[in-house]
1. Which of the three applies to the range 127-264, rounded, prolate or oblate, going by the alpha-carbon gyration tensor with a ≥ b ≥ c and a/c under 1.5 meaning rounded?
2. Would you tally the net charge around H20, using a Cβ to Cβ cut-off of less than 11 Å, leaving H20 out, and scoring K and R as +1, D and E as -1?
3. Does the range 35-174 come out rounded, prolate or oblate by the C-alpha gyration tensor, with a ≥ b ≥ c the root eigenvalues, rounded set by a/c under 1.5 and, if not, prolate when a/b is larger than b/c and oblate if not?
4. With each pseudo-label sitting 7 Å past Cα toward Cβ, what's the R44-R90 distance in nm, one decimal?
5. Assuming a ≥ b ≥ c are the square roots of the Cα gyration tensor eigenvalues, decide whether the range 170-242 counts as rounded (a/c under 1.5), prolate (otherwise, with a/b larger than b/c) or oblate.
Amino acid sequence: MANSRAARNSELVYLARLQHQVFRPHEPSIQRYLSYVLEDPTYRLDQTRVLEHSGEIVSHLRVWSRTLQLGCGPVRAGGIGSLLTLPHHRGKGYAELLLNETEEYLKSEGYRLAFLFSAIGPVYYEQRGWHCVPLPQLRFELMSFELNPPIARARVRPLCSGDLDRVAELYHLEIEGLIGPEVRPLNYWLSGPSRQRGVFPNWGIEIEGRLAGYLHLTETNGNIHLVEAALSPEAIELAVEFVLSELQRAGASVIIVDLPYQHPLSEGLQVRLGEKAVVQMRLREDLLVKVLDPGLVGSAGHPIQEAAAWLFRLVHSRDSGTRGISADSDFWKTQSGYYWRKDAF
């Protein structure tokens, strides 16, 4: 008989090696997974869950303690990551058993919502009572465009750890009113797991000597990828021009934008590029949620419950016979739900 339990201290290095072998064998060491437990200020040993059969660990997952913003209020949520089963034990239902028992653990610890990111698509989890929350992603493909004149970059500079307080302040202002983003305490930004995932943004926009916004830009497969932005209104135009200058510098023609559809930077890019770019939206379907506390969506008239009810309507919706809400639906132009990509574990 298989039973779940918390990991022991003596098992953490073995479990880090196991995760490295399964998820990131191309990386040179197990440091990422050691950092996840040794350098996470929220980590407790019972957040590493294992399933044991006949004295052998056969499955593993990690619980991440998170606070999500639903409307104007925080909700304690348990993230589930690194779910795996040893290759010679797959197909025996061990992962499902560990997942189910972890849900009971989360309830006993007072988590009101569970969420995870699936690398195998949503169907496996949907069959087990989870609900996909699709997130919009914009793709701009430039047909013909030249910056004339090139942007003056004097007010855009690389960020450093000394900017942390202002970056955190900008982030807090950015997520006000959004449904779903993580509430990031100050010690989250530069923790070991955040360094491994590259949470801290790389570009800051200064206006009159003060940081007025930040951007997180990467180059992925020859494209410019905008993965996060927090901007005061006066910084938006400069941010648009800087993104385009980075596109020009990289010799690329595609911008991938992981921002809420109605984000002012997304809108600014659409206005700036006009007919010179083809804009497409797709829905990422790797985020899944499960409500653990029925009271979260059980009553109306409170902003947290109303936001959770919005989430519940979203995950149960059907649009034109497709699962969830289609990419061409006007829903995405009016709703304010989002989860920043860099927070995914």
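Readers should treat all values here as calculations from the given coordinates under stated rules, not as data from a laboratory. All values derive from a computational prediction rather than experimental measurement. Counting neighbours? That spans all protein chains shown, and the Cβs are built from the backbone with ideal geometry, glycine included.
1. Judged from the Cα gyration tensor, the range 127-264 comes out oblate (a/c at least 1.5, b/c at or above a/b).
2. Result for the neighbourhood of H20: +2.
3. Verdict is prolate for the range 35-174.
4. A separation of 3.3 nm, rounded to one decimal place.
5. Cα axes put the range 170-242 in the oblate bin.
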